[in-house]
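The values are calculated or read from the model by the stated rules, or taken from the named source; none is laboratory data. Since this is a predicted model, take the numbers as computed values, not measurements. Cβ sites come from the backbone with ideal geometry, for glycine too, and all protein chains shown count toward neighbours.
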């Protein structure tokens, strides 16, 4: 195992692991590109099919189904095996794309995205399980850094591909291309992801209906919180979501078939603290995806493409920092996990100070700094969750990382909407209300960054 560490990145690309990595990276790239491609072609879809009032529904449907599927991924993998579960996820993803390509109405698009979300959730969660079971533990951070890095590649390629199909007036062709790629990926995954000694199939467990229902209730709460106008209603829906997740986790502790590690969010266990970090880091990062593009367009006159690529700097920062630090060992891992949230906080403070009045290069730099902060510690946080799992919880610990990542983004989006409304964005679309929101939205998310720093301190004890 020491030889593996000493050889660095070369050890990750050994012949016995390269095909598996290729399948995982292509799967993440397919899913992430599709998400960004949809945002580009959606105006064209609405122009042809109508349903402008439903423009947010495809994203909401995808997120809801993705979180639900990712939560159950470990159970499916234990029952049917990793290869069958991963291939099923890709097939379902392709079926959803096919439904979208045949859509006569906007409702079909929503239904197709719901199906795609379920497949994408399975695929993303099982990818972490494959990393844990296939690679030696010292290589997990490097593999996780590569997987997360595919999102930056998709930031550059997704809008471009979607834009080309939209320019040709053939948005259906974009979904058909996804179907064809899904077919090829399914065939590749079936050949490459061979059953291992870990794939001892268990009898089909009882469907955890109560826990899944609570997860769906939490998703509904966070999704509704992003659409209602009243701050009081937003706060109530966020509280409902948090309460639903808390009850679900309490039931999960004593369940015969857990959906999450039984020690999730315990401050006395490495996995529990690690999941706190996953959640808080993703909550902290979420305003960049939702509100920073709006502020850049409304306050500074950037067009959607310019604003999108400005925010893409955060994704690029995430990827570059992940790849640059993935080889850190020993005490440096703890230092990166401690300083990562602090770097994010510095970036958010910079955005809050510069966004209302300036589009200087410094603004784009601090946007990238937020990505650098999460990137420098993300692989080690995920490693902490996976390596600290109790006996019997190894698979659910691995699948819980992408699941909690999506929950963090959803919860962060709801909290960002609440901060925007309270700071005046609900009352004015431009001017003073927009400028106030441009300060208070990023400034308020310094709080979860500080909490993440405190959680990382807990890991050092």
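Run down 263, 254 and say which single residue is touching a residue at least 40 places away in the same chain (Cβ under 8 Å) and either out of contact with any strand residue (DSSP E or B) (no Cβ under 8 Å at 6 or more places or on another chain) or in the same structural domain as residue 69 (by TED's automatic domain parsing) (or both).
Testing whether each residue is touching a residue at least 40 places away in the same chain (Cβ under 8 Å) and either out of contact with any strand residue (DSSP E or B) (no Cβ under 8 Å at 6 or more places or on another chain) or in the same structural domain as residue 69 (by TED's automatic domain parsing) (or both) leaves just 263.
crowded, with 19+ Cβ neighbours inside 10 Å and at pLDDT 90 or above: which single residue out of 444, 387, 423 fits that description? Just a single option satisfies the conditions, and that option is 444.
To keep it simple, each residue is scored yes or no on (1) closer than 21 Å to residue 290 by Cβ; (2) surrounded by fewer than 18 Cβ atoms within 10 Å (Cβ to Cβ).
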| position | (1), (2) |
| --- | --- |
| 329 | no, yes |
| 332 | no, yes |
| 336 | no, no |
| 352 | yes, no |
| 367 | yes, no |
| 370 | yes, no |
| 375 | yes, no |
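Within the stretch 276-288, the set of residues being closer than 18 Å to residue 352 by Cβ and more than 11 Å from the chain's Cα centre (by Cα) comprises 284, 287, 288. Just one residue in the set 48, 123 is more than 24 Å from residue 322 (Cα to Cα) and either under 17 Å from the mean Cα position of the chain (by Cα) or assigned by TED's automatic domain parsing to the domain that holds residue 21 (or both); that residue is 48.
The residue list 85, 105 contains one member that is surrounded by fewer than 20 Cβ atoms within 10 Å (Cβ to Cβ), in the same structural domain as residue 130 (by TED's automatic domain parsing) and in contact (Cβ under 8 Å) with a residue 24 or more places away in the chain, which is 105.
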